Amino acid sequence: MLDQIMQSQTARAEALSALKRAGRFPPPLPGKRPSFAAALRKHRPCAIIAEYKRASPTAGEINMRLSPEDAAATFAAAGAAALSVLTEERFFRGSATYLQRMSGPGLPLLRKDFLAHPLQVEETAATPAAALLLIARALPDGTLTAMLSAAAAAGLECVLEIFDASDLARARRCLEISATRPVVIQVNTRDLQSMRVDPAASEALIARRREDELWISASGAALRRDVEKRAALGYDAVLIGTALMAAPDPGAALRSIAPKPA
């Protein structure tokens, strides 16, 4: 599945290259972006990143009726620290235009996609996104390092997604080469090659966390006890998508899942 999704990015990269050659590439958005990492730190011991995900390869259509604007307002009112915005079009029914449409409440926005080319970093810089997701396993070292450097130059923070210890080692190597700061690591308990969810992956990998890193746990959290368990393990944030989007009242679902203040 991961290979299929990454292959679908070729056409997007080619379209962006054509825009660049024609001098019609969108310019970077002016102004300062809110810090994604700072928002996670502010909401310790465990921040909630609420995700706008209309569909997925495993769940099919989840919630096609909830608009980006309503989702942003709902999640902000319910206490989300930041918003994850799925922009992949073919498999997740997303759009890069959702980033602008969800910027109203002012929460930091994470562009969640399967980015494969440095021009997609430049494309992200033309939106209100504060950060972008890079999947370590999906990118060669040279490409990953180049995209990290391009993001830093554009004032964007990066979230490095990993599935196992090998991914973590590669991510750290590329982060060091590109001198990327802050370091934000996301452990996806759903392996995007097998599509299986393995919560044990979160438990095993968090033991490798360094003090200067922020760690996010993604996939498989649907109840408050899931969030509290991951916080107790040492995660700084939990990203929740399907459990919120599939709920009759996404805002109420977020309030019921968020851990109670200490």
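Bear in mind that the values in this text are calculations on the coordinates, not laboratory data. Just so it is clear, the structure is predicted and the values come from calculations on it, not from any experiment. FYI the Cβ positions are ideal-geometry reconstructions off the backbone, even for glycines, and counts take in every protein chain you see.
How big is segment 178-262 on each of its three principal axes, counting only the C-alpha atoms and giving the largest first in Å?
The principal-axis extents, from largest down, are 43, 36, 24 Å.
Of the beta bridges DSSP finds with both residues in segment 124-262, what % are antiparallel, to the nearest 5? Mind showing how you got there, number by number?
Numbers: 1 of 19 bridges.
Here the share of antiparallel DSSP bridges comes out near 5 percent.
Loop only by DSSP, 13 or fewer other Cβ within 10 Å of the Cβ. Give me the trypsin sites (Lys or Arg not before Pro) in segment 5-34 that pass, ordered by residue number.
Answer in residue order: R24, K32.
May I ask for the longest run of the chain untouched by GluC sites (Glu not before Pro) that are loop-located per DSSP and have at most 13 neighbouring C-beta atoms (other than their own) within 10 Å? Write down the numbers at each step before the final one.
Working: sites that count: E89, E211.
Counting only loop sites that pass the neighbour cut-off, the longest clear stretch is 90-210.
So how much slack lies between I177 and R210, counting 0.36 nm per residue of separation and subtracting their Cα-Cα distance, in nm? The partial results should precede the final answer.
Working: separation 33, 0.36 × 33 = 11.88 nm, distance 1.74 nm.
Once the chain is fully extended between I177 and R210, it gains 10.1 nm.
DSSP loop trypsin sites (Lys or Arg not before Pro) in segment 209-257 with at most 11 other Cβ atoms within 10 Å of their Cβ, which ones?
Values: sites: R209, R210, R224, R225, K229, R230, R255; in loops: R209, R210.
Those that pass, being in a loop and sparsely packed, are R210.
Provide, for the chain, the number of lysine pairs with alpha carbons under 19 Å apart, each pair being eight or more places apart or on different chains.
Working: K32/K42; K42/K260; K53/K112; K229/K260.
Within the chain, the lysine pair count is 4.
If you place +1 on the Cβ of every Lys and Arg and -1 on the Cβ of every Asp and Glu, how big does the dipole about the Cα centre of the chain come out, in debye to the nearest 20? Spell out each step's value before the answer.
Details: 33 positive and 27 negative charges, 86 e Å.
That gives the chain a dipole magnitude of about 420 debye.
Take the chain, compute every pairwise Cα distance, and split them into 5 Å bins from 0; I just need the percent in each bin.
1, 6, 14, 19, 21, 19, 13, 5, 2, 0, 0
Residue by residue, what Karplus-based ³J(HN,Hα) values in Hz, rounded to whole numbers, does segment 134-149 have, using 6.51, -1.76 and 1.60 with θ = phi - 60° and x for Gly and Pro?
Coupling constants for segment 134-149: 10, 8, 4, 5, 8, 10, x, 3, x, 5, 4, 5, 5, 6, 4, 5 Hz.
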